[in-house]
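What follows is a single structure, written as structure tokens, with notes after it.
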Amino acid sequence: MDIQAEKITLAQLLLQTEDVTIIKKVKAIFKKEKKDWWNELSQDQKNEIEEADKEIDRGEFLTSEAFFDLLKK
């Protein structure tokens, strides 16, 4: 299946239709499929990210340059 050709076909069908219910259904599909990656994480993963964010706020991090300097030693 050529995904680009399928997209073009769907776009053409949408442009040709005057049926508002079809357009609403397509929009509903896109809204339903839209997922927030945060909600897909486990609680442990969320906790790790939140802790890392707090460490950055407190200045407890290394720049990439400092990190690579440590690796060279």
Cα Rg over Rh - the chain, Kirkwood: 1.33
Probe 1.4 Å, protein heavy atoms only - accessible area per residue of the chain in square angstrom: 99 Å²
Heavy-atom accessible area order for 29, 23, largest first, 1.4 Å probe: 29, 23
Hits among lysines - C-alpha to C-alpha of residue 72 under 18 Å, sequence gap 8 or more where chains match: none
Nearest-ten-degree value, helix 20-33 long axis tilted from longest Cα axis of the chain: 20 degrees
Portion, in percent, of the accessible area of the chain that falls on carbon or sulfur, probe 1.4 Å: 58 percent
Most to least accessible of 55, 60 (protein chains only, probe 1.4 Å): 60, 55
Net charge dipole size for the chain [Lys, Arg +1 and Asp, Glu -1 on Cβ; Debye, nearest 20]: 440 debye
Spatially proximal aspartates and glutamates relative to residue 27 (Cα-Cα < 15 Å; intrachain offsets below 8 disregarded): 18, 19
26 Å Cα-Cα reach of residue 54 towards lysines, excluding residues that sit fewer than 8 places from it in its own chain: 35, 46
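The values are calculated or read from the model by the stated rules, or taken from the named source; none is laboratory data. Because the structure is predicted, anything quoted here is derived from the model rather than measured. Methodologically, a virtual Cβ is constructed for each residue, glycine included, from the backbone with ideal geometry; neighbour enumeration extends over all protein chains shown. Accessible surface is based on the protein model in full, side chains and every heavy atom, while ligands, DNA and RNA are left aside. Shrake-Rupley method; radii C 1.70, N 1.55, O 1.52, S 1.80 Å.
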